[in-house]
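In what follows, a structure is listed as structure tokens, so that the remarks can point back to it.
The values are calculated or read from the model by the stated rules, or taken from the named source; none is laboratory data. Here the structure is a predicted model, which means the values were calculated and not measured. Ideal geometry is used to build each Cβ from the backbone, glycine not excepted, and the neighbour counts take in all protein chains shown.
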Amino acid sequence: MRVLAMILAGGANPALSVLTAERAEPAIPFGGKYRLIDFTLSNCVNSGIFHVGVLTQYKPRSLNDHIGVGKPWDLDRAVGGVSLLQPYISTPGETGAWQRGTADALRFNLDFIAEARADTVLILAGDHIYKMDYRPLLRFHEERDADCTIAVRAVSPHETYRFGMVAADSTGRVIRFEEKPRRTTSRLASMGIYAFKHPVLVEWLTGPGATAVDFGRDVLPGMLAAERRLYAYTFDGYWMDAGTVQAYWEANMALLAETPALDLYDPEWVIHTRSEQLPPAFIGPEAQTDGSLLCDGCQVYGRVERSIIGPGAVVEAEAHVSDSIVMNGAVIGRGAVVDRAILDKRAVIGAGACVGWGEDNTPNRAMPNNLNTGITLVGKRARIPDGIRIGRNVVIRPGVTPSAFTGDEVRSGETI
């Protein structure tokens, strides 16, 4: 079976606030040294799939720089390999070519799909955290002569509103599909992983589904109504959609468990990434660390508890970092306190400043439904002045300078 993987990596996600202000969601750092898209790319090559298209759109520069020619994943190949596929104007005088959804993104790239001459097109999301061998799914798809196979997993009844929900009979054939229902009896959620027969995908996107925008909202219900052969393949391993600030923070913190559900140390299933050439982590003579991940090139002179310190980050003497995610190149000044916060790349916390201060848990006024558990966000390259106290559920935008702050306190729930 010849397989082409198409990774959807172009959507914007406002629910992640400043973390996606300057990058696409799949390019967000995770677990210190990785990016979210590393998991999908690594799953492909570990499953023997070496022909991959990455569909980009929203602020792709960081993602493009990270993937490059695909060398870390052994995808720098003359035949197959990885291709970065951006939207384009196909007709002179055309004023816009913005992809409106997942199905529309595939429709934009049907020429690339045709040239691949694959039997099966495997459609994947670039922003999910999981380890999965796609080969059993592809065998299941082929053995049942399915037009489309949907990877599913069991979820809590309280989470069903977030997913496309699938009901299947005893053979695995799909008998019902509901996109993000308020109420449902099904407990099988679509993982956003679809295996299509190549001719069926092309036929549907250019024929009956020529106006379809999304797979979950348009294509799958339409195919089901047309009595096409849709099957559900159940996956029971770890999988996380880190599409909100809370989910992203929890997924990172889960790596600090004594026996994490996601094993990044498994030599049989390596998660490949583009790594910077950095020296080993340095732990100063007065430093204290407990239950944390410390990446290459970081320097710790203060105290770090239950946190992830990214490559090249610095925690200066007498600083205290707890329950936080500190990304590449961030600097936490002498005597500063960072508690339950996410610091984006190259953020600078001034000496004696406090990020995540006090017991006031007022939700963020701009995004109360997504930032209400006490996590404070500091955007890329933001500079926090010395001595200031910043409350909880605060958002500091990328590139903010000390002059943007007035007084010695930012109250909980504010945005600067």
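Overview of results
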quantity: Residues within region 298-309 that are in contact with a Leu (Cβ under 9 Å, 6 or more places away or on another chain) and buried (at least 21 other Cβ atoms within 10 Å of the Cβ), tallied; calculated: 6
quantity: Qualifying residue in region 316-326 (condition: buried (at least 24 other Cβ atoms within 10 Å of the Cβ) and in a loop (DSSP other than H, G, I, E, B)); calculated: yes
quantity: Given (1) over 23 Å from Q288 (Cβ atoms); (2) in contact with a Pro (Cβ under 8 Å, 6 or more places away or on another chain); (3) touching a residue at least 40 places away in the same chain (Cβ under 8 Å); (4) not charged (D, E, K, R), number of the condition N370 does not satisfy; calculated: (2)
quantity: Given (1) β-branched (V, I, T); (2) farther than 16 Å from V3 by Cα; (3) modelled with pLDDT under 95, number of the condition I37 does not satisfy; calculated: (3)
quantity: The listed residue being under 23 Å from A24 (Cα atoms) and not assigned by TED's automatic domain parsing to the domain that holds P368, out of E268, E276; calculated: E276
quantity: Within region 203-251, tally of residues that are at pLDDT 90 or above, surrounded by fewer than 22 Cβ atoms within 10 Å (Cβ to Cβ), of a type in the set (V, I, T) and touching a helix residue (DSSP H, G or I) at 6+ places or on another chain (Cβ under 6 Å); calculated: 1
quantity: Top-ranked residue in region 190-227 [being in a helix (DSSP H, G or I), free of Cβ contacts under 8 Å to residues at least 12 places away in the same chain and not aliphatic (A, V, I, L, M); ranked as nearest to R135 (Cα to Cα)]; calculated: P199
quantity: Condition met for P87 (within 16 Å of the chain's Cα centre (by Cα) and either touching a residue at least 12 places away in the same chain (Cβ under 8 Å) or under 26 Å from T376 (Cα atoms) (or both)); calculated: no
quantity: Scope region 184-220; condition in contact with a Cys (Cβ under 9 Å, 6 or more places away or on another chain) and hydroxyl-bearing (S, T, Y); matching residues; calculated: Y194
quantity: Total residues in region 20-65, condition surrounded by fewer than 24 Cβ atoms within 10 Å (Cβ to Cβ), touching a Gly at 6+ places or on another chain (Cβ under 8 Å) and of a type in the set (A, V, I, L, M, F, W, C); calculated: 2
quantity: Condition check for T171: among the hydroxyl-bearing types (S, T, Y) and either assigned to a helix (DSSP H, G or I) or crowded, with 19+ Cβ neighbours inside 10 Å (or both); calculated: no
